[in-house]
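The values are calculated or read from the model by the stated rules, or taken from the named source; none is laboratory data. Model, not experiment: these values are computed from the prediction. Cβ: placed from backbone, ideal geometry, glycine included. Neighbour counts: every protein chain shown. Quick note on the areas: whole protein, heavy atoms, side chains included, nothing else; ligands and nucleic acids left out. Shrake-Rupley method; radii C 1.70, N 1.55, O 1.52, S 1.80 Å.
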Amino acid sequence: MTVTEALQARRAIPSFEKGVSITREEIDTLINRACLAPSSMNLQPWDFLVCITDEDKARMQSVAMNQKKVSEASAVLAVICNLDFPDHAAAVADSNIANGYFGEDRKAGFITNATAIKANPQAVREEAIRSSNLWAMAFMLVAIEAGWHTGPMGGFVAEDLSKEFGLPPSRFPVLLITIGRPNPEIKLLPRGIRFSSAELTHYGNW
Ligand SMILES: Cc1cc2nc3c(=O)[nH]c(=O)nc-3n(C[C@H](O)[C@H](O)[C@H](O)COP(=O)(O)O)c2cc1C
């Protein structure tokens, strides 16, 4: 499957076939593949909360505007922004040194640069959201490649989700992704309009 074919096959699935299970191993494989997504300075400002049991999916549905597809799906994954992502700097620096990007002498400087963003909480938040959404798209594409379908969902109450699942203050959910097989009884309507490059794109100046 090419990337273009995966993009064409991906749809926001409105209803899933009930009773289809997905294993933790399958989810972990998809997560690890999606972790090839880029992030600023490779600091990977994301974590994941996955609901796989009926009980946990029902809890997630209760904080997601009661959208039924959450409990119909085989799993629902919350993409979580990690505001402590600058703390990844030392591990990323070590990896960069091991990969020959720079020498040990530049480790401290790299960490100083990577952690400077902490002085600006809004920038931390924006960066966490920016890169976590790139991760989310990568996840939906690798899921399609593996024969799963997904649905991105912003229809949830972040504070309620954080409370229900015990997220620490340094974490907040940015997107839910349902995963499963489409309900064969529901006909998927044609994909909605996409505006074209001619309508959207400005070359050079605005
Ligand atoms: C950030 C975001 C939030 C969304 N939230 C919801 C949601 O809460 N419930 C829902 O049914 N669909 C949701 N969607 C799905 C969109 O409605 C859908 O992606 C869009 O209509 C385009 O359809 P397609 O994905 O099938 O091409 C969301 C999509 C995105 C990207």
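Please specify each residue of the stretch 2-24 satisfying the condition of being open to solvent by 60 Å² or more (accessible area, probe 1.4 Å), part of a loop (DSSP other than H, G, I, E, B) and within 16 Å of the ligand (Cβ to nearest atom). If the condition is that a residue be open to solvent by 60 Å² or more (accessible area, probe 1.4 Å), part of a loop (DSSP other than H, G, I, E, B) and within 16 Å of the ligand (Cβ to nearest atom), then P14 is the only one that fits. The conditions are (1) more than 12 Å from the ligand (Cβ to nearest atom); (2) closer than 17 Å to A58 by Cα, and E185 fails exactly one of them. Which is it? If we test E185 against (1) more than 12 Å from the ligand (Cβ to nearest atom); (2) closer than 17 Å to A58 by Cα, just (2) comes out false.
Selection of the stretch 27-41 for residues being open to solvent by 70 Å² or more (accessible area, probe 1.4 Å) and touching a residue at least 12 places away in the same chain (Cβ under 8 Å) yields R33, L36, P38, M41. Scanning the stretch 71-92 turns up one or more residues that are open to solvent by 40 Å² or more (accessible area, probe 1.4 Å), within 16 Å of the ligand (Cβ to nearest atom) and either over 23 Å from S132 (Cα atoms) or not charged (D, E, K, R) (or both). Check whether at least one residue in the stretch 122-129 is crowded, with 21+ Cβ neighbours inside 10 Å, under 21 Å from the mean Cα position of the chain (by Cα), within 16 Å of the ligand (Cβ to nearest atom) and not in a loop (DSSP other than H, G, I, E, B), and report yes or no. Checked the stretch 122-129: at least one residue is crowded, with 21+ Cβ neighbours inside 10 Å, under 21 Å from the mean Cα position of the chain (by Cα), within 16 Å of the ligand (Cβ to nearest atom) and not in a loop (DSSP other than H, G, I, E, B).
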